[in-house]
Structures are given as structure tokens and as C-alpha cells.
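Handing you a structure now.
Every number in this text was worked out from the coordinates using simple rules, so none of it is lab data. Since we're looking at a predicted model, the values are computed, not measured. Note that each Cβ is placed from the backbone with ideal geometry, even for glycine, and that neighbours are counted across all protein chains shown.
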Amino acid sequence: MIKITGKIKKVFEAETFGNFEKRSFWLDEQADEYPNTYQFELWKNDVAMIDNYSVGELVTCYVDLKGKYWDKNGKDGVINTLKCWNIEKDGETFKKI
């Protein structure tokens, strides 16, 4: 589990791939120097979690680093994803029930 605090920069619409739904959002890390911007993904039942927050709000995101190996047409690679499974603001936690 990774915990990152920052301000929500942008929220994207949900995308559906067959029976799998995902939604992405960007988070600007709150750092003194050289801040990072991360793209997180919400999957399946967690997609609506971001609806409780607005762009510019300071939140803490709890994420898991996911990696998937792929091999297609003689080419291979690895895709890494930051999967967000919980968001909290001001000590209040929102998690799907």
C-alpha cells in the first residue's frame, strides 16, 4: 500500500471495456520542490468514489502498484498502474460499502 497526499488536478470520465469499468484522475503531489503529478485509476465499484471530491481539493489517496506483462505479435512489455482503492479528506474516509 502506498499513501500519497495531493490536490486533485483533473478527473476523467469512466470508460467501459466489456464488463470492466475504470476511471482515471490526476493528483498533484504536495512537495516543497520538484512535485510530481500522478495518474490513478479507480476500478469497477470504486469508479464513483471520486464523485465525492472536486478539482483542487487536498486529499490522501491509498493505492496499490499493479503491473501486467503482455506479449503480442512478437513484442512484449510491462504496464504499471496506480490503482486507488481509498480516498480521504480532512480525516474523513470515503470507501464504498
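Separation between the ASN36 and PHE12 pseudo-spin-labels, each 7 Å from Cα along Cα→Cβ, expressed in nm?
Output for this residue pair reads 1.8 nm.
Once you place label points 7 Å from the Cα toward the Cβ at LYS66 and TRP85, how far apart are they in nm?
Once both label points are built, they end up 1.1 nm from each other.
Expressed as a rounded percentage, what relative contact order does the chain have, with Cα pairs under 8 Å and six or more residues apart? Before the final figure, lay out the partial values.
On the way: 197 pairs, mean separation 26.7, N = 97.
After rounding, I find 27 percent.
A further question follows. Once amide H atoms are built 1.01 Å from N in the peptide plane, which residues 5 or more positions from GLU57, or in another chain, come under 5 Å H to H?
The list, which skips near neighbours in sequence, is ILE8.
Decide, for region 27-66, between rounded, prolate and oblate: order the square roots of the alpha carbon gyration tensor eigenvalues as a ≥ b ≥ c, take rounded if a/c falls under 1.5, and otherwise choose prolate if a/b is larger than b/c, else oblate. The partial results should precede the final answer.
Values: a/c = 2.91, a/b = 1.51, b/c = 1.93.
Oblate, because a/c is 1.5 or more while a/b does not exceed b/c.
In a GNM of the chain with a 10 Å cut-off on Cα contacts, which of TRP26, TRP70, TRP43 has the highest mean-square fluctuation?
TRP70
From zero outward in steps of 5 Å, how is the percent of C-alpha pairs of the chain spread across the bins?
It works out to 3, 12, 22, 24, 17, 10, 6, 4, 1, 0, in whole percents.
Once the dipole of the chain is set up with Lys and Arg at +1 and Asp and Glu at -1 on Cβ about the Cα centre, which of LEU42, THR60, ASN19 lies farthest towards its positive end?
With unit charges placed on the Cβ atoms, the residue in question is ASN19.
Let me ask something additional. In what sequence do ASP64, ASP28 fall when counting other Cβ within 10 Å, fewest first? Working shown, then result.
Details: ASP64 11, ASP28 16.
Neighbour counts put them in this order, fewest first: ASP64, ASP28.
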